[in-house]
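The values are calculated or read from the model by the stated rules, or taken from the named source; none is laboratory data. Because the structure is a prediction, the values reported are computed rather than measured. Because the Cβ atoms are built from the backbone with ideal geometry, glycine has one as well, and the counts that use them run over all protein chains shown. Protein only, heavy atoms only, side chains kept; ligands, DNA and RNA dropped before computing areas. Shrake-Rupley method; radii C 1.70, N 1.55, O 1.52, S 1.80 Å.
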Amino acid sequence: SSAEQESPPGSRFVCTSLPLEAAGAGCPLPPVPMQGGALPPEEELRATVLQLRETVLQQKETIGSQREAIRELTGKLSRCEGADGKSAPGTWKKELGKGKDTMGDLPRDPAQVIDQLSRTMQTLKDRLESLEHQLRANVSYAALPNDLREMLQRRLGDLERQLLSKVAELEDEKSLLHNETSAHRQKTETALNALLERVSELEKGNSAFKSPDEFKVSLPLRTNYLYGKIKKTLPELYAFTVCLWLRSSASPGIGTPFSYAVPGQANEIVLIEWGNNPIELLINDKVAQLPLFISDGKWHHICITWTTRDGMWEAFQDGEKLGTGENLAPWHPIKPGGVLILGQEQDTVGGRFDATQAFVGEMSQFNIWDRVLKAEDITNIANCSTNMPGNIIPWVDNNVDVFGGATKWPVETCEERLLDL
């Protein structure tokens, strides 16, 4: 109307919402009068709208930085995530020999954590977009700048607490998994150390010789303290065969190659050459003289058989039977549980040695069977064509201890001993 056209300038304004891009480019604000008191209501409303837009832009930048942080966290979780999107304790492996842990910091359910963060951010985004739409449609419907700023700060504070909570949860999960892996690693290392110790024990316990039976016991002096001891004892025997290789040039007599004593009978089984007497076999303190001649400083193979039936005995030297007899402790079974000594004659079980009866020289392949071996078997053993360990006492390194300076050495081969005859 004409009345409206004649209205004085400044008496009426039309408020139009501006796009956000305009705020980004910067809208010049009208100069604020420095005099004359408060701003007119229209100017104050316009300033309020601009402040609201500027606040929204600032909050969008904040949200953008928060989204970037979440994308980084999401990328980290995605790298740690398994093929099915779930973490599985026990799928982390330690690189052997390098001590490198590759378990990462996997949560129990990374997909769930990502979904929660995404929903939180989407809710905040929707609310901000709704607020921006309301501001464009009707400026008068928006809250005051301070109220809007406080609301956004509360929302961002909630989001920050949620993010910190998720990060703390991930750190706790990482610490828990690290502890579990450390405990597993410690158990594994303990098991490996025990295995290594066992291997070392086996290596140390293994024979120092090429074969467990390729050794000899050396008794170089005639004393009452050099001797060898068989760890195993004898069962009750009704027959036996004793074979051994020995070398001695001692005079007079070679002494006592071996003796077996039991409680109540120190001379249960004894082979002895004492003074100028011939070699004697004692069974239960009964004596048989053997036609053996072995004090020439050469290796000789000696075998003696005995059976309680009629006290029959046989004597072999270097595979040849040189003598036989009977009535040596007939019907007397050899008592079990005694002590078997190499190189000394026992006056009590395991002790009271006499230096004049000590063996001087070397011995090897001391074996005992619980039966009378055939002459053919004895010949084959003596000529190195058969290796027959004793079924009661075999000649093995870990069954023979030495004392008083007696020593173990690698023995000449069977063929070399034969050449010495």
Within region 264-275, identify whether any single residue is without any contact (Cβ under 8 Å) to a residue 40 or more places away in the chain, under 25 Å from Arg417 (Cβ atoms) and exposed (fewer than 14 other Cβ atoms within 10 Å of the Cβ), and answer yes or no.
no
Scan the strands (runs of 3 or more DSSP E) fully inside region 360-421 and keep the ones with 1 or more residues being among the basic types (Lys, Arg) and within 24 Å of Arg222 (Cα to Cα).
407-410
Of everything in region 225-263, what is open to solvent by 10 Å² or more (accessible area, probe 1.4 Å) and outside any loop (DSSP other than H, G, I, E, B)? Give them in sequence order.
Tyr227, Lys229, Ala239, Arg247
Which one is surrounded by the most Cβ atoms within 10 Å (Cβ to Cβ) among residues in region 407-418 that are under 18 Å from Asn387 (Cα atoms) and of a type in the set (A, V, I, L, M, F, W, C)?
Val411
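Looking only at region 312-321, which residues are open to solvent by less than 20 Å² (accessible area, probe 1.4 Å) and modelled with pLDDT under 95?
Correct list: Gly319 only.
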Only one of Ala194, Ala142, Ala137 that is within 30 Å of Asn398 (Cβ to Cβ), modelled with pLDDT under 85 and surrounded by 10 or more Cβ atoms within 10 Å (Cβ to Cβ):
Ala194
Residue that is nearest to Phe215 (Cα to Cα), among those in region 379-406 that are of a type in the set (Gly, Ala, Ser) and open to solvent by less than 40 Å² (accessible area, probe 1.4 Å)
Ala406
